[in-house]
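As structure tokens, the structure follows; a few thoughts come after it.
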Amino acid sequence: MSRNAIIAIIVAVLVLGAAGGAFAYVAVSSNEPTAQEPEQSPEPSPTQVQPEPAEETLDEGQDEDPLAADREAMEELGMKVAEIMTTWDPNKDYNRTAAEMRAADLMTEELADSITAPERPATGAAWLDAAAAGATSQPTATPNRATSNEVVSIEVTWIWVTEDGDVITNPTERRLYFFNFETTDDGELLVSDFNYDTV
């Protein structure tokens, strides 16, 4: 074989070898996994702020304390009854119990039936002086103090006034009433019991 032929063979082998290596590199490279971009974690959603519960407000006209409303009604009724029961006309009333009977429509039936007038007439200097002057009593009733949710205390003072408007006595006498109450099925508030101290 000539020298030129040998050189041609060597060149061919080198060329083919280089081509094969390049092919093999491309093939291997194509089989390698491609680099993947790192997964991005989802952005955290903004924290939702829960609204503060709205403060409860009272409707207009709504009482803050139901017991307070009940007590106000009891005091009003107690003052009314106490004033009726201390309004006397000595020239017409046989005794002081007559005034208690005039308040019977503001009492329970049981209490009203329990009131009985004594057989003797009323006495006392103030009563007799008022009768002589033709005067009647004019009471003033005020709530005295809180006792309980069921009992109301009312203080009453009175003066004796003639038909001409002359005051013949100062309010030196006082009564301290204690009233109990009941509410009927119809919702009517009534006095169910009472007693008093003269002070």
Seminar exercise, completed: Given backbone amide H placed at 1.01 Å from N, residues whose amide H is under 5 Å from that of M107, ignoring those fewer than 5 places away on the same chain, are V191
Problem set entry | Under-5 Å amide H pairs with G134, H placed in peptide plane, nonlocal only | none
For this session: Would you tell me the accessible area of D193, worked out with a 1.4 angstrom probe on the heavy atoms of the protein chains, in Å² to the nearest 10?
Result: 70 Å²
Problem set entry | Other-chain or far-sequence residues with amide H under 5 Å of T169's (modelled H) | W160
Exercise. What does the convex hull of the Cα atoms of the range 67-198 come to per residue, in Å³, rounded to a whole number?
Worked result: 112 Å³
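The values are calculated or read from the model by the stated rules, or taken from the named source; none is laboratory data. It should be emphasised that the depicted structure is a prediction, and the values quoted were computed from it without experimental measurement. For accessibility, only protein heavy atoms count, side chains too; no ligands or nucleic acids. Shrake-Rupley method; radii C 1.70, N 1.55, O 1.52, S 1.80 Å.
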